[in-house]
1. State whether the residues of the range 172-180 include one that is in contact with a Leu (Cβ under 7 Å, 6 or more places away or on another chain), small (Gly, Ala, Ser) and open to solvent by less than 50 Å² (accessible area, probe 1.4 Å).
2. Is it the case that the range 66-80 has a residue that's farther than 16 Å from Ala295 by Cα, open to solvent by 70 Å² or more (accessible area, probe 1.4 Å), in contact with a His (Cβ under 8 Å, 6 or more places away or on another chain) and part of a strand (DSSP E or B)?
3. Mind checking which residues of the range 1-54 are under 21 Å from Lys310 (Cβ atoms), among the polar types (S, T, N, Q) and either surrounded by fewer than 19 Cβ atoms within 10 Å (Cβ to Cβ) or modelled with pLDDT under 95 (or both)?
4. Hey, among Gly55, Gly86, Gly17, which residue is farther than 22 Å from Tyr263 by Cβ, out of contact with any strand residue (DSSP E or B) (no Cβ under 6 Å at 6 or more places or on another chain) and either assigned to a loop (DSSP other than H, G, I, E, B) or of a type in the set (Gly, Ala, Ser) (or both)?
5. Hey, among the residues in the range 217-258 that are hydrophobic (A, V, I, L, M, F, W, C) and more than 14 Å from the chain's Cα centre (by Cα), which one's surrounded by the most Cβ atoms within 10 Å (Cβ to Cβ)?
6. Go through the range 154-171 and give me each residue that's among the small types (Gly, Ala, Ser) and open to solvent by less than 40 Å² (accessible area, probe 1.4 Å).
7. Quick test of your reading of the structure: Trp47 fulfils all but one of (1) of a type in the set (Phe, Trp, Tyr); (2) over 16 Å from the mean Cα position of the chain (by Cα); (3) under 29 Å from Phe171 (Cα atoms); (4) assigned to a strand (DSSP E or B). Name the failing condition by number.
8. Search the range 259-283 for residues being out of contact with any Pro (no Cβ under 8 Å at 6 or more places or on another chain) and farther than 19 Å from Asn11 by Cβ, and hand back the single one that is least open to solvent (accessible area, probe 1.4 Å).
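The values are calculated or read from the model by the stated rules, or taken from the named source; none is laboratory data. Quick caveat, the model's predicted, so the values are computed rather than measured. Here Cβ is always computed from backbone atoms with ideal geometry, including for glycine, and neighbour counts include all displayed protein chains. Quick note on the areas: whole protein, heavy atoms, side chains included, nothing else; ligands and nucleic acids left out. Shrake-Rupley method; radii C 1.70, N 1.55, O 1.52, S 1.80 Å.
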Amino acid sequence: MDHYEPSSFCNRLQSVGRILELEGWHVWCCSPIETPDGKIHVFFSRWPLATEHDGWLTHSEIAHAVAEHPEGPYEVTGTVLKGRGGRHWDAATIHNPTVHQVGGRYAMLYIGNRDGTAATQRIGLAMADTIEGPWERVGDEPILDVSPVRTDWDSYLTTNPALLLHPNGQFWLYYKAWDTYNDHMRKMGLAIADHIEGPYTRVAYNPIVDFSSCGSQVEDAYVFIEDGQYHMVMRDMGVISDRTGLYLRSEDGIHWSSPMLGYHASNRYFAGPIERFERPQVLVRDGKPAYLFLALMGGRYGTSSGAILKIVEEER
């Protein structure tokens, strides 16, 4: 399965364990952030066990948990954002949180849909003055809508937000789109804004990550800067395997290297059968990637939970 050479990032990963195994819930999309008091906050997607796993499309909400250490244990404090009903673009479900500190406030990018279908998925933004909230949506529209041109690669949906606070002060929003009206492949793009609220302008090079030429797809990218280079870790959907992760490197955040193995299949780190890893998110501490948070099928209740891998210091 893992027939590609592991990347240096992959070689730094060590198993920690599962988190947020919640009875009665499916858990996904664990986004960690450390606050100045040293506590670790995780914003995660959850939806009732009464629905199937694909119930995330119709019943997902975003909840909050806090711990003294990245490894846990985590105390769930409750729901912080859910579908707002009515005729809003995010009426039905909320999913894919990724949380960052922006100045003295906190920003949460997320996806929502209007009617419980993939076709109406878009990317939105909520802000809070403190990590405990309350979280308030920014405007009544998505911050990144689909292209109005049907033949464009991102005219069907926009999902999987990944925010990079660029050193030049800009906000770089990486996102996935599903090129439904052309080759039906999932690809990654980039849109840039001068302010967190937007407007976001798509770069001319889009899609910036595209494996359709080899009949493969990717999703769930997370982007960070370390040692002056851009790093992208994401879920693989067939380049190497649909159970592993990909890692790419870049000098400018736009033009990316050939793919390398980003993380192994789950049985390398956790006992039991190979389960599906998705939605990698990185906890950065003191400017360095410290822990990789993932969503993982299975667990104590046979549903899904968070999972953590430690990113150890690279040998020099």
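1. We begin by selecting, within the range 172-180, every residue in contact with a Leu (Cβ under 7 Å, 6 or more places away or on another chain); these are 172-175, 177-178.
Within this subset, residues satisfying the condition of being small (Gly, Ala, Ser) are 177.
Still in the running and open to solvent by less than 50 Å² (accessible area, probe 1.4 Å): 177.
Checked against the condition, which is being in contact with a Leu (Cβ under 7 Å, 6 or more places away or on another chain), small (Gly, Ala, Ser) and open to solvent by less than 50 Å² (accessible area, probe 1.4 Å), the range 172-180 yields at least one hit.
2. In the first step, residues of the range 66-80 are kept if they are farther than 16 Å from Ala295 by Cα; the result is 66-69, 73, 75-80.
This time we only want the ones that are open to solvent by 70 Å² or more (accessible area, probe 1.4 Å), so: 68-69, 73, 75, 77.
Now drop any that are not in contact with a His (Cβ under 8 Å, 6 or more places away or on another chain), which leaves 77.
Then drop every residue that is not part of a strand (DSSP E or B), which leaves 77.
For the range 66-80, residues farther than 16 Å from Ala295 by Cα, open to solvent by 70 Å² or more (accessible area, probe 1.4 Å), in contact with a His (Cβ under 8 Å, 6 or more places away or on another chain) and part of a strand (DSSP E or B): present.
3. Ser8, Asn11, Gln14, Ser15, Thr35
4. Details: Gly55 fails: out of contact with any strand residue (DSSP E or B) (no Cβ under 6 Å at 6 or more places or on another chain); Gly17 fails: farther than 22 Å from Tyr263 by Cβ.
Gly86 is the lone residue from the list that is farther than 22 Å from Tyr263 by Cβ, out of contact with any strand residue (DSSP E or B) (no Cβ under 6 Å at 6 or more places or on another chain) and either assigned to a loop (DSSP other than H, G, I, E, B) or of a type in the set (Gly, Ala, Ser) (or both).
5. To start, the set of residues in the range 217-258 that are hydrophobic (A, V, I, L, M, F, W, C) comprises 218, 221, 223-225, 232-234, 237, 239-240, 246, 248, 254, 256.
Adding the requirement that they be more than 14 Å from the chain's Cα centre (by Cα) leaves 225, 237, 239-240, 248, 254, 256.
Values: Ile225: 17, Met237: 18, Val239: 19, Ile240: 21, Leu248: 24, Ile254: 15, Trp256: 20.
My answer is Leu248.
6. Kept after step one, since they are among the small types (Gly, Ala, Ser), are these residues of the range 154-171: 155, 162, 169.
Hits for the range 154-171 are Ser155, Ala162.
7. All conditions are met except number (3).
8. Taking the candidates together, the pick is Arg279.
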